[in-house]
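Novice: Structure incoming, see below.
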Amino acid sequence: MASPPQQPQRGMPQTPRALWGWWLVLLALLVWNAVTFLPAPRPEVNIPYTTLLAQVRGGNVAKVRIVGDAISGSFVKPLQWPQPTPDTTPSPASGSPAPQPPSQPTAALPATYTAFTTTFPQAIGDPTLLPLLEAQRVLVEVAPPPTHWLAYILTEGLPFLFLLGFFVLMGRKAAQGQSSLFGFGRSTARRYTSDHPEVSFADVAGADEAKAALQEEVEFLRHSEKYHDAGARIPRGVLLVGPPGTGKTLLARAVAGEAGVAFFSLSASEFVQMFVGVGASRVRDLFARAKAEAPSILFIDELDAVGRRRGAGLGGTNDEREQTLNQLLVEMDGFDDRQEVIVLAATNRPDVLDPALLRPGRFDRQVLVALPDRQGREGILRIHTRQLHLAPDVDLALLARTTTGFNGADLANLCNEAALAAARHNRNQVTMADFEEAQDKVVLGGARPPLQDPQERRVVAYHESGHTVVAWLTPAAEAVHKVTVMPHGRALGVTQQLPGEDHSNYSRSELLARLAVMLAGRTAEEIVFGDVTTGAESDLTEATRLARRMVTRWGMGELGLVAFQADAEHPFLGYELAQGHDYSEATAARIDQEVQRLLGERHAYAGRLLTAAREALDHLAQALLQEETIGQEALVRILGPRPARAEEKLD
């Protein structure tokens, strides 16, 4: 017995066949409405242009519409068309014409029309048409020619289709949970793979402490199971802090090269865009890419571009930057403890970073990448001279000693300038003379033509001689390496001093000696010429800045062991105004007086030395006018042996 057909359960989805049936019913209804309600076209007859003129003259045209070369209209009385034509063949009996029956059937039967169409003869024109229509009181309508369907689609349809497609695509992106359109919110980080030259710790010199601190990060990426099994949590964020050019980016690439993992690198300024929300979207995309390729390293250079302190300053806030920073904080704090992704960031302005970035859990460690010492500079020079053909007289240890204060980028530039100098002199080897020429160019600036005015050259010679004599006769001052009256850069003359060893700490006597050397050029002009020039501008600026720091930061004045925040440590617009000074206006006046006192005493000390050594000052100035540049050996012959450093009261 056949079972009865089962009825579909209520709420069950319909089959595609049933849906197609409903679509057909809807289509039939639309066609029926179009046929029923659209106005039926009235019958029109296409008549010759001469017939139109005849009907107009007969007063049988009520209205005319002219569109381009097409003319349409309506008759006053219906017109029968085609009009019958009588047969005029002569009769054989009488010879008169008589109608005859047609020999063959007509092509079409006559019909009655109330509307007509015709074509205006544009090739020959008809200037009598409009006057004729006006004379017969015919209603005339004129319209522009119709637009071609292709032009209509291009001008009206395409913009609508583009907008429709744009909104459909945005709807699909939103439904899929994607945060960007056409990649606008995608991260622009560069991914370094094995195709790029690998960098290891052997390619980094002068940063032994930083390499030791980063070695543990490398071990975690190599042997993460060992740390996880012990229950340890590796620092997920490492902040590299140091002056520009010390190799922070190179260290980050060395960590990736040692660990052999994916390395994503970008600048923090690439996050901040004009549209609010784009930076946060790029942060999310960057961390998603890094997690997908874990273990990996994210390196964000110049972190202060996006990580500046929030709510500081008087100029309002940057919503885009703050949203980007908030998203960065969320992503760094949302790592899984077993997620093998390490964030390395670099900045030379740690004082402006938001405190939320620096707390443990985000950037757990801060690694200082300081300026290299003498041994570090020698190692950096050896790395950058691997590709150079060095002459036997090149002494890298001596170069390292004479490049105090150079960072890794400066040393790389020094080696490149030396190679350029060797090529400029048509040498296939880089000599020590090339390095000295390159060092003068890097430190002093490019050489300019000598001064032509004799009086101006004499003033510059005594100015530089004053610096040199005071530095030579002050044991606590740094030794003079070279003095020249050849203009370099913006300076008319240069006195180059080199410390014997690298210094991390300076005594009060050394700073007082430095002040005296700075003011000695101006003092020599006063003693010799009884007048002063504008050549001491940079000397006075540096001396004032140093004296103010001695008074306000280091407690080396008569105000006692008190540190004043004299110059802004927070480089935000209005931040210091909002916080206020930590000292009164009376104390500020005392600070100014103490700075003036220090500078006045150093000026008097330099005056006493130069007055006592006037003969040596004159000899050195005459030698500079003749030779233009004097080295350390010639200074010993002119000024005599430099006094040994001993405890000396410089007050």
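A quick yes/no check of all residues on (1) among the acidic types (D, E); (2) outside any helix (DSSP H, G or I):
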residue	(1), (2)
K441	no, no
P450	no, yes
Y462	no, no
S465	no, no
T468	no, no
K482	no, yes
N505	no, yes
E525	yes, no
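Novice: Now for a different question. Can you name the residue in the stretch 623-639 that is without any contact (Cβ under 8 Å) to a residue 40 or more places away in the chain and not hydrophobic (A, V, I, L, M, F, W, C) and is also nearest to R548 (Cα to Cα) among such residues?
Specialist: Taking the stretch 623-639 and keeping what is without any contact (Cβ under 8 Å) to a residue 40 or more places away in the chain, we get 623, 626-627, 633-634, 636-638.
With the extra rule that they be not hydrophobic (A, V, I, L, M, F, W, C), the set shrinks to 626-627, 633, 637.
Working: Q626: 39, E627: 38, E633: 36, R637: 37 Å.
Filtering first and then ranking leaves E633.
Residues are listed down the side, and each one gets a yes or a no for (1) part of a helix (DSSP H, G or I); (2) in contact with a strand residue (DSSP E or B) (Cβ under 6 Å, 6 or more places away or on another chain); (3) modelled with pLDDT of 85 or more:
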residue	(1), (2), (3)
T112	no, yes, yes
Q122	no, no, no
L133	yes, yes, yes
V142	no, yes, yes
I153	yes, no, no
L158	yes, no, no
L161	yes, no, no
L164	yes, no, no
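Novice: I'd like the full set of residues that are charged (D, E, K, R) and surrounded by fewer than 20 Cβ atoms within 10 Å (Cβ to Cβ), limited to the stretch 376-394. Spell out how you get there, then give the answer.
Specialist: Looking only at the stretch 376-394, we keep the residues that are charged (D, E, K, R), and these are 377-378, 382, 386, 393.
Those that are charged (D, E, K, R) and surrounded by fewer than 20 Cβ atoms within 10 Å (Cβ to Cβ): R382, R386, D393.
Novice: What number of residues within the stretch 609-628 are in contact with a Leu (Cβ under 8 Å, 6 or more places away or on another chain) and assigned to a loop (DSSP other than H, G, I, E, B)?
Specialist: Within the stretch 609-628, residues that are in contact with a Leu (Cβ under 8 Å, 6 or more places away or on another chain) and assigned to a loop (DSSP other than H, G, I, E, B) number 1.
Novice: Inspect all residues belonging to the stretch 86-107 and state whether any of them is exposed (fewer than 14 other Cβ atoms within 10 Å of the Cβ) and at pLDDT 75 or above.
Specialist: No: zero hits.
Novice: Something else about it: Of all the helices (runs of 4 or more DSSP H) wholly in the stretch 199-300, which have at least 2 residues that are in contact (Cβ under 8 Å) with a residue 24 or more places away in the chain and within 21 Å of E322 (Cα to Cα)? Give the derivation first.
Specialist: Numbers: elements: 208-222, 224-229, 248-259, 278-292.
Hits in the stretch 199-300: 278-292.
Novice: Consider the stretch 515-535. How many of its residues are surrounded by fewer than 21 Cβ atoms within 10 Å (Cβ to Cβ) and not polar (S, T, N, Q)? Reasoning before the result, please.
Specialist: Taking the stretch 515-535 and keeping what is surrounded by fewer than 21 Cβ atoms within 10 Å (Cβ to Cβ), we get 525-535.
Imposing the further condition that a residue be not polar (S, T, N, Q) reduces the set to 525-532, 535.
Result for the stretch 515-535: 9.
Residue-by-condition table, conditions (1) outside any helix (DSSP H, G or I); (2) at pLDDT 85 or above:
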site	(1), (2)
A28	no, no
N33	no, no
A40	yes, no
L53	no, yes
G59	yes, yes
A62	yes, yes
S74	yes, yes
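Novice: Quick one: in the stretch 597-617, of everything that is more than 25 Å from L546 (Cβ to Cβ) and touching a residue at least 12 places away in the same chain (Cβ under 8 Å), which residue is surrounded by the fewest Cβ atoms within 10 Å (Cβ to Cβ)?
Specialist: Selected residue: R614.
Novice: What number goes with the only condition from (1) surrounded by 15 or more Cβ atoms within 10 Å (Cβ to Cβ); (2) assigned to a helix (DSSP H, G or I); (3) aliphatic (A, V, I, L, M) that A397 does not pass?
Specialist: (1)
Novice: Also, I was wondering about something else. For the stretch 484-492, indicate whether the set of residues that are exposed (fewer than 15 other Cβ atoms within 10 Å of the Cβ), within 16 Å of A606 (Cβ to Cβ) and under 41 Å from the mean Cα position of the chain (by Cα) is non-empty. Working first, answer last.
Specialist: Just the residues of the stretch 484-492 that are exposed (fewer than 15 other Cβ atoms within 10 Å of the Cβ), to begin with: 489-490.
Now narrow it down to the ones that are within 16 Å of A606 (Cβ to Cβ): none.
No, because not a single residue in the stretch 484-492 is exposed (fewer than 15 other Cβ atoms within 10 Å of the Cβ), within 16 Å of A606 (Cβ to Cβ) and under 41 Å from the mean Cα position of the chain (by Cα).
Novice: How many residues, within the stretch 629-640, are in contact with a strand residue (DSSP E or B) (Cβ under 8 Å, 6 or more places away or on another chain) and not in a helix (DSSP H, G or I)?
Specialist: Of the stretch 629-640, the ones in contact with a strand residue (DSSP E or B) (Cβ under 8 Å, 6 or more places away or on another chain) are 629-632, 635, 638.
Pick out the ones that are also not in a helix (DSSP H, G or I) and you get 629-631.
Number satisfying all stated conditions: 3.
Novice: Give the residues of the stretch 527-545 that are small (G, A, S) and in a helix (DSSP H, G or I), sorted by residue number. I'd like the intermediate steps shown before the answer.
Specialist: Kept after step one, since they are small (G, A, S), are these residues of the stretch 527-545: 530, 535-536, 538, 543.
Matches in the stretch 527-545: G535, A536, S538, A543.
Novice: D410 is checked against (1) out of contact with any strand residue (DSSP E or B) (no Cβ under 6 Å at 6 or more places or on another chain); (2) touching a residue at least 12 places away in the same chain (Cβ under 8 Å); (3) farther than 21 Å from T246 by Cα; (4) part of a helix (DSSP H, G or I) and fails just one. What number does that condition carry?
Specialist: Checking D410 against (1) out of contact with any strand residue (DSSP E or B) (no Cβ under 6 Å at 6 or more places or on another chain); (2) touching a residue at least 12 places away in the same chain (Cβ under 8 Å); (3) farther than 21 Å from T246 by Cα; (4) part of a helix (DSSP H, G or I), the one that fails is (3).
The values are calculated or read from the model by the stated rules, or taken from the named source; none is laboratory data. Just so it is clear, the structure is predicted and the values come from calculations on it, not from any experiment. Don't worry about glycine lacking a Cβ; one is built from the backbone with ideal geometry, like all the others, and counts go over all protein chains shown.
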